[in-house]
Every structure is written in C-alpha cells, then in structure tokens.
Amino acid sequence: MRRCVALARSAGKNGEYPFAAVIARRGEFICESLNMVRVEGDVTRHAEMVAIASAQKKLRATSLDDCALYSTIEPCAMCSYAIRETRIGRVVFSLRSPVMGGHSRWKVLTDGNLSSVLPEVFAPPPIVLSGYLQHDVEAIFQKRNPLSWRFMKARKIFVESPDVEHTIVSNKSQVGRRSRLANLVRAVVLDRLWRS
C-alpha cells in the first residue's frame, strides 16, 4: 500500500488525479499503474484496469489467482467486475467511494451470487480491506487540487473508513470441490479454448 501511495504522489506530473494501483502475488511485486484517463483520452483506463491488463500480460494468464490489488481509492463498479472476473483474491484500498464504489455502493466485490451462478467465470468474493493510509491519500488529493478536493469531500464522493475495515466474505482455504472444478473448467475451457 505504501508503494501505491508513493505512486499516487507522482500522478500530477501527467495531469492525472492521484488514482494508483499496485498488484502483488504472494508478496511479490507484479505491476503498478496510474490512472491513464486524461493521458490516453479513454474513460476505461482507470488505474485498476490498467494494472489488471498489465498483470495479465506479465503473468500470461487471464486469472490472477493469489494476487492482491492495492488502490488509493475504492475500485468503481467497472473495475470491481474486472477484479472478480480475473479472480483477484484480495483488494486493499484507502478511501471508500459511497457514490461509485464497487464495494460501498454497488456490492460487486462482495456479491456471492456472481460466483454461485457463474463459478467458471467469477471467483468467490475477494477479501476486502479498506482504510489503509487513508490520511496520506487525502493529503495527496488535497495537495493536487485543494478546490476539487473540497468539492469531493463536500459531496462525499470519497470518504474515510471509520476504522480500518475488514470484510472477509470468503476464505480461499475454504474453497470447495465445486469451486475447484469451476477453476479447472475456467482454465481449460474458457481461458484456453474460448478466449484464444
């Protein structure tokens, strides 16, 4: 998370807001990204989406099992669907987003129905942790543009977690036979045959 915050500090050089994402796997750094919306003129280039695409290329896999995604802000619904489909097991972020968040508002990250209906596509919900280094992220946003930050705070677009929040919806060690079979079907059928 500290690397994610440090990366966010550098976002102003590109004229981007300090949205940053880092992906790690079993404690090993995989990739990092800043928001690329303004630079690339593409609203889908959120830091999380860019990092997910980079991790898939680096690991040569569409499934990012055993990976953790760190983000300065709670992933939006769009990013949350990508997180679920790539099967990321842990999501850690600083500030919540009750207006756009894929956890606080839309519950995509914790929706068990996605994986129960389509287990060959969507992983069980990841472990979600929020509130980490939230004061550091607030300071970065405020420094980047004090007026915009005041507006975001007043409209409660990004807010602090009361305490570091731990939402553990599923535990990967409790994955049953059905889920392991769904992972195998996904790896063999979907990833190799359908998507190639």
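Some observations on this one:
- For the range 1-195, the relative contact order is 18 percent, taking Cα pairs closer than 8 Å that sit 6 or more residues apart in sequence and dividing their mean separation by the residue count.
- Solvent-accessible area, 1.4 Å probe, carbon plus sulfur percent, for the chain: 55
- Accessible surface calculations at 1.4 Å, restricted to protein heavy atoms, place the chain at 53 Å² per residue.
- The smallest convex shape that holds all Cα atoms of the chain, its convex hull, gives 114 Å³ per residue.
- Within the chain, percent of DSSP bridges classed antiparallel, to nearest 5: 65
- Global geometry of the range 1-110, whether rounded, prolate or oblate, following the gyration tensor of its Cα atoms and the 1.5 cut on a/c: rounded
- For the pair the range 8-39 / the range 132-165, the C-alpha centres are spaced 17 Å from each other.
- With 0.36 nm allotted per residue and the present C-alpha distance subtracted, the residue 150-residue 42 stretch has 36.3 nm of extension available.
- By the helix-only formula, in which each DSSP H run with n ≥ 4 contributes -39500 (n - 2.57) and the sum is divided by residues, the chain has a 222 nm mean residue ellipticity of -10000 deg cm²/dmol.
The values are calculated or read from the model by the stated rules, or taken from the named source; none is laboratory data. Since the structure is predicted, the reported quantities are computational estimates derived from the model, not experimental observations. All accessible areas refer to the heavy atoms of the entire protein, side chains included, with ligands and DNA or RNA removed. Shrake-Rupley method; radii C 1.70, N 1.55, O 1.52, S 1.80 Å.
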